[in-house]
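The values are calculated or read from the model by the stated rules, or taken from the named source; none is laboratory data. Model, not experiment: these values are computed from the prediction. With ideal geometry, Cβ positions are generated from the backbone for all residues, glycine too; neighbour counts draw on all protein chains shown.
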Amino acid sequence: MKTLISGGTVVNSSGPIPADVLVDGESIAGLGARESSTSASWAASADRVIDATGLFVIPGGIDGHTHMEMPFGGTQSADTFETGTRAAAHGGTTCIIDFAIQSKGSSLREGLDRWHAKADGNCAIDYGFHMIVSDVNEQSLKEMDLLVDEGVSSFKLFMAYPGVFYSTDGEILQAMQQASGNGATIMMHAENGIAIDVLVAQALARGEGDPRFHGITRPTFLEEEATHRAIQLARVAGAPLYIVHLSATLALDQVATARDRGQSVFAETCPQYLFLSEEDMAREGFEGSKYVCSPPLRARDTQVDLWRGLRTDDLSIVSTDHCPFCFKEQKELGVGDFSKIPNGLPGVENRMDLIFQGVVRGEISLARWVDVTSTTPARMFGLFPRKGVIAPGSDADIVLYDPDAVHTFSASTHHMNVDYSAYEGMTAQGQVATVLSRGKIVVESGDYVGDAGHGAFLRRGLNEYLR
């Protein structure tokens, strides 16, 4: 089936151009100058014509950091792969990369197989996996090589959560050395979990159990310290490093310094750190629990530095760390004890709209919006040029985006399987109109018209920035 997208402005990371797009089956067949003879011939032969007048035509968003059906603190994140990918599609994201988890005492293979079983046949959009390595040993190090060959080319380790995901510096170094040999990218949750646990215990002993103390016991200095330590370990190993969900100016300074000396260090931030702050964790009553995530929300003036980091490319990507827990029954597990509040925020549906506000406000360019939400994730995680660009031969993952539409974020209208919105009442300019996933319309005029199971598992290559 041939589809012509006519009259729109195509926006790639290289910038906007007026062009028509021809889709043939699951792929993009061509770009043509508007009202050209080529475009006219396409219109004559197309089975379907979509009028994109006044709209941006952008590559589908790639969210490189989600947690669907993730166990945490005696519960699990509220979105399934079906509900979460459907919500992602509503928000203009056509690919997610979730995290498969190795449990302590088990193999990487067992963890990956569990996540394949959760996702297979249930996803509305395409998906891939990173692998969380929580038990570094001789077997798991060898398995890293095998998984790279299977298209799982990035591995996450934790300096936080002792007793659950935490790895020692020695274990982290060994994993980095393995990655330096097989070409994989090491992803790092960079907070000093040992010191944080001391601060948490001390706060609870003083009777400080409200949600706001979650942030107080995870100070920026301990994110800075862990980021610095991770960078130095990667330097010793000669391995690339990707810092996930960077939240603090001091940590960003460490990344910028490493990049300035030519080290292969990359970092993502998340919408919550660009739009929310520590003030939200201090909301009246237990409302602050809705905003508990790790690293925590920071001082409001940090947002200025993070936007600057996106402009200068010291921050390469905006992902969501989508890990939603309902306020009722899930966040409420931590009433009186902030350490028992499940960590995580919903956001996979909101990311494209939120970062577009940076375009509206002049924080970033239109091209940079596409770059940090689609093109760079595709390059970083071995999906380019299949994903992340409107170009002949690429998958027809295409979003028609209305830059003038105005809407309000609300739990009453979002499609994520969670009972609150972290951005409740916030008005945004810009909204998705139509979404195609591999040539198939999955969202049209605000309605989901796709199918669970349409999404395919993606075998990913290596980080393009390391070639």
Check: For region 396-427, how many residues are touching a strand residue (DSSP E or B) at 6+ places or on another chain (Cβ under 6 Å) and assigned to a strand (DSSP E or B)?
Finding: 11
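Could you tell me which of the residues 144, 176, 159 is in contact with a Lys or Arg (Cβ under 9 Å, 6 or more places away or on another chain) and surrounded by 14 or more Cβ atoms within 10 Å (Cβ to Cβ)? Please lay out each step first, then the result.
Working: 144 fails: in contact with a Lys or Arg (Cβ under 9 Å, 6 or more places away or on another chain); 176 fails: in contact with a Lys or Arg (Cβ under 9 Å, 6 or more places away or on another chain).
Going through 144, 176, 159 in turn, just one is in contact with a Lys or Arg (Cβ under 9 Å, 6 or more places away or on another chain) and surrounded by 14 or more Cβ atoms within 10 Å (Cβ to Cβ): 159.
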Checklist line | Which numbered condition residue 389 misses (of (1) under 18 Å from the mean Cα position of the chain (by Cα); (2) among the β-branched types (Val, Ile, Thr); (3) outside any loop (DSSP other than H, G, I, E, B)) | finding: (3)
Checklist line | Residues being of a type in the set (Asp, Glu) and more than 27 Å from residue 22 (Cβ to Cβ) - total across region 356-393 | finding: 1
Notebook entry, point to check: From 319, 339, which residue is in contact with a Lys or Arg (Cβ under 9 Å, 6 or more places away or on another chain), modelled with pLDDT of 95 or more and polar (S, T, N, Q)?
Noted result: 319
Note to self: With the requirement that a residue be buried (at least 20 other Cβ atoms within 10 Å of the Cβ) and among the charged types (D, E, K, R), what does region 82-135 give you?
What the structure shows: 82, 86, 98, 126
Note to self: So if I check each of 140, 77, which one is of a type in the set (Ser, Thr, Tyr), in contact (Cβ under 8 Å) with a residue 24 or more places away in the chain and either within 30 Å of residue 443 (Cβ to Cβ) or out of contact with any helix residue (DSSP H, G or I) (no Cβ under 9 Å at 6 or more places or on another chain) (or both)?
What the structure shows: 77
Next item on the list: Output yes when any residue across region 256-265 is over 19 Å from residue 228 (Cβ atoms), of a type in the set (Val, Ile, Thr) and under 18 Å from the mean Cα position of the chain (by Cα), and no when none is.
Entry: no
Next item on the list: Filter region 432-466 down to the residues that are more than 19 Å from the chain's Cα centre (by Cα), outside any loop (DSSP other than H, G, I, E, B) and touching a residue at least 12 places away in the same chain (Cβ under 8 Å), then identify the one that is surrounded by the fewest Cβ atoms within 10 Å (Cβ to Cβ).
Entry: 466
